[in-house]
Amino acid sequence: MSRIFWCLFFTVWPIIAIVVCAISPAMDWAFPGNREAATPLGQRIDDLFYLILGIVTVAFIGTMVALAYVLWKGSKNEDEKGWFSHGSHNLEVIWTIVPAGVLLFIALYQIDVWAIYRVREHENRDTVNGPRPSHLVAEVTARQFEWRIRYPKPGTKFKTYKEIKAWLAKPHAGDVYAVNKLFVHLNRETLIYLKSGDVQHAFFVPDLRVKQDAMPGQSIDVWFTVNKSGKFNLTCAELCGWGHYKMRGEVEAVEDLEARLRELKALQDFDGVTPPGTAPAEASEEATP
Amino acid sequence: MTTRRLIIPLLASLPLVVGCADYQAEFVNDERVATLATTSPDAASNLKNSLDAHFGTPNALVAWGALPIDFGEIGGTVISANGNSLRVSLETEPPDGLSNVAVVVETETPQNRTAGSYNADTRTLTLLEQEAAPAIAPGTSLRLIGHKLQAGRRLYMQHCMHCHGVTGDGNGPTARYIRNHRFNPLPRDYRRGLFKFTSTKIGFYASRDDLRRTVTQGLAGTYMPSFLLLKTDELDAIVEFIRFLAMRGEVERRLLDHLQPLMPSDDGTPPSDLADLEKELAVDTFNQAFADAASLVAEKWVNAEDPDNRVIPTTPRPPDTGKSRIRGRSLFVDTKINCAKCHGEGGRGNGAVLKDRQKIPGTDDKYPTPGLRDDWHKMIQPRNLTSGIFRGGRRPLDVFRRVTAGIKATPMGGFETNLTESERWDIVNYVLSIPIDGAFIDEHGHQYHGGDRSHAHHDHDKPADKPADKPADKPKTTQPKSAKDKK
């Protein structure tokens, strides 16, 4: 009786696992963003995840079925003595080589994604004066408990990383300031520099599969290309204090980013008289000293 | 043995059960109420009861019509009535979970009832039992009052309470982390009606728009974060509730001033003619004093909404030229208004005044230590204008308002009378340029950081940054610095 119980016990788990996997899309147990990342890199990260999930599923079901089979067979066999496999050289070699091979495969397979995610841009960085694509640069400063954002003056095109560094170092005339809401390009690369005003925070946009710690004293670059328009939740993913949960922000991808930044700038330049958006006061020579 | 196995886990899980017990929030009374109770317990309880009657408790708020607050009102008519359960047609759909709001039923003599619940599907409003309430006929009109205040309370408890406290006294559970810091501003104590960053003139309270702006934008550089992603109706509800708490606190404070003669003297002895005073202040004139306090407070908050009491410049901001900045700089260090006295020659917030001991307001004594204090006696620092952080906002309009009306409840005064509007705009142009180009302006009109930190001189020494042959009033806003760096 108890033999049959244990056979069933070990057979039931792989069945449950398969059932859960099969119904999970219908139950919306999936990645944020309707199961599809809003960045091309995020989609590749998801693919990697699914690949690993597949390998694990095969291994899990395989071992469970084998275990159930062995138990079942053993339960029928009253006479034969068990085979004690400890110390079997061949077996040791097999279960070392097979996982090592799988691991090596994953390591090689993911290398490209990781390179795009964290490395390739740094290589470009070495040629600091070389030409680079112009894309949005913003400085995002995490602080207890909000995201303070600074964009360069609308229309600014940085040609080199050196110029970006100079911009990051101090405030500049025409900078646009914002809080808790980051506008980014749609279908174009965005580069942000992440800082912390106090303790450690983490810039986490689940829909974009972007997560990066913000470290005090460091300016960390993060880049991504959003290819779906819309608004995405921005949260802090590093327990940063009692108000951690308050760090709710939003990333919005827009078609014409420069126009949006000009709107923000017009509001920021509001002087109480000239309606924002109408002819900004152009600096000119004054008649009277 | 078996019993012990059961009892220990049960005991262990007891804290969980107790911890989840229904927590009843309460408004905390001013400290002076406890002092008052030592000499005149009757007056103290009279005060508490009156406050509860007109403002309620956090879980049973009262929408007192004497206050200029949008409590949230929904009109409607009764379609059919079955005792306390009414089928109604309401003008707008009330929020989910409506309960405990006031209902005014316009029967022949209007009834003040309380709604127990509302079922949106059947459109049934259930009133709480009330003795000897006359029957309600179909067709009677009614008004639900208070859902917005309740929503505000709910949101306030989620987002604001842990710093600002249930009562709005700036003493919530997390306030202590801020209190321990010498210069961090404390969470605002609403009970005096004082809010620092407003659009209103000197002596006026904050308007709804001011509070909205502070909640959505936060106060940069302080612990007040931005709540930008609140929905408009949520924001409005929170602002109404903050105004409600401010009014409650101020009415309480003014009543305590009225009852001040009943307070014990410093050594704890009650006043000699306590019985007479008690009868006069706590019985005969108390209700009148309560009504007076409420109408005075209401008037102040109404006035804050009046557009005539807003600081709005009549002329647009003049172009941000070198000449304008130089005029601003000369006013900054001028003895007439002397910004540099507090903000320092280099704008770093380290003026000479910080070395002096300040007078305690309302007394002849001085504080024991030097430094500036706000009206809550908390040490504060003049703004470091080089930091690029503008707590009340960085729009030219914001800075203009700071220069014109000052920062309420702080030593930062307003200069509406001392300066003309164009002088104030010059200061605005100059102040906004400080974080970027530096506070000092040399004889050629070049701006540089310096004075307080020796390494800051480098900015000025770098010839590439600002060539000497450039005209002094070359507009600086039109060109990002990064572009200049390369030249």
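Values quoted throughout were computed directly from the atomic coordinates according to the rules given, and no laboratory measurement underlies them. Not measured: the values here are computed from a predicted model. When we count neighbours, we look across all protein chains shown, and the Cβ atoms used for this are built from the backbone with ideal geometry, even at glycine.
What list of ³J(HN,Hα) couplings, whole Hz, do you get for region A:192-205 from phi and the Karplus terms 6.51, -1.76, 1.60, once you set θ to phi - 60° and write x for glycine and proline?
For region A:192-205, the Karplus-derived couplings read 10, 10, 9, 10, 10, x, 8, 10, 6, 10, 9, 7, 10, 10 Hz, x marking Gly and Pro.
Below 12 angstrom from the Cβ of A:Lys195, what's the summed charge of the other residues (Lys, Arg +1; Asp, Glu -1)?
That works out to -1.
Could you compute the net charge surrounding B:Ile79? Neighbours are other residues with a C-beta less than 11 Å from the C-beta of B:Ile79; K and R count +1, D and E count -1.
Net charge in that neighbourhood comes out at +2.
If you average the sequence gap of Cα pairs under 8 Å that are 6 or more apart and divide by the length of chain B, what percent do you get for the contact order?
12
If we count other beta carbons within 10 Å of each Cβ, what is the order of A:Thr63, A:Thr235, fewest first?
With the sparsest Cβ surroundings first, the list reads A:Thr63, A:Thr235.
Out of residues 5 or more away from B:Asp356 or on other chains, whose amide H comes under 5 Å of its own, with H placed 1.01 Å from N in the peptide plane?
For B:Asp356, the qualifying residues are B:Gly371.
Give a residue-ordered list of calculated ³J(HN,Hα) values for region B:237-251 (Karplus: 6.51 cos²θ - 1.76 cosθ + 1.60, θ = phi - 60°; whole Hz; x for Gly, Pro).
Going residue by residue, I get 5, 4, 4, 4, 5, 5, 5, 4, 5, 4, 5, 4, x, 6, 4 Hz, with x marking Gly and Pro.
Out of A:Pro40, A:Pro14, A:Pro275, any idea which swings most in a Gaussian network model of chain A, alpha carbons joined below 10 Å?
A:Pro275
Can you find, among B:Leu47, B:Thr417, B:Ala340, the residue farthest towards the positive end of the dipole of the protein assembly as shown? Put +1 on the C-beta of Lys and Arg, -1 on that of Asp and Glu.
B:Ala340
Which of A:Ala237, A:Ala166, A:Ile192 sits farthest toward the positive end of the charge dipole of region A:132-268, with +1 on the Cβ of Lys and Arg and -1 on the Cβ of Asp and Glu?
Result: A:Ala166.
Taking the Cα centre of the protein assembly as shown as origin and charging only Cβ (+1 Lys, Arg; -1 Asp, Glu), how large is the dipole, in debye to the nearest 20?
Dipole of the protein assembly as shown, to the nearest 20 debye: 2600 debye.
Taking θ = phi - 60°, what integer Hz values does the Karplus form 6.51 cos²θ - 1.76 cosθ + 1.60 yield along region A:169-176, in sequence order, with x for Gly and Pro?
Listing the rounded values in order: 5, 7, x, 10, 4, x, 4, 10 Hz.
For chain B, what is the mean residue ellipticity at 222 nm derived from helices alone (per DSSP H run of n ≥ 4: -39500 (n - 2.57); sum divided by total residues; nearest 500 deg cm²/dmol)? Working shown, then result.
Values: 16 runs with 179 residues, N = 487.
Counting only the DSSP helices, I get -11000 deg cm²/dmol.
Of A:His244, A:His86, how do they rank once you tally other Cβ atoms within 10 Å and put the fewest first?
Ascending Cβ contact count within 10 Å gives the list A:His86, A:His244.
Quick one: net charge around B:Gln111, please, counting Lys, Arg +1 and Asp, Glu -1 for every other residue with C-beta under 15 Å from its C-beta.
-2
Using only the Cα atoms of region B:73-145, build the gyration tensor, take square roots of its eigenvalues as a ≥ b ≥ c, and label the shape rounded, prolate or oblate: rounded if a/c is under 1.5, else prolate if a/b is larger than b/c, else oblate.
Values: a/c = 1.44, a/b = 1.33, b/c = 1.08.
Since a/c stays below 1.5, the shape of region B:73-145 is classed as rounded.
Of B:Gly268, B:Leu194, B:Val297, which is farthest along the charge dipole of region B:152-308 in the positive direction, counting Lys and Arg as +1 and Asp and Glu as -1 at C-beta?
B:Leu194
Determine, for B:Lys341, A:Lys265, the number of other Cβ atoms within 10 Å of each Cβ, and report the residues in order from fewest to most.
Listing B:Lys341, A:Lys265 from fewest to most nearby Cβ atoms yields B:Lys341, A:Lys265.
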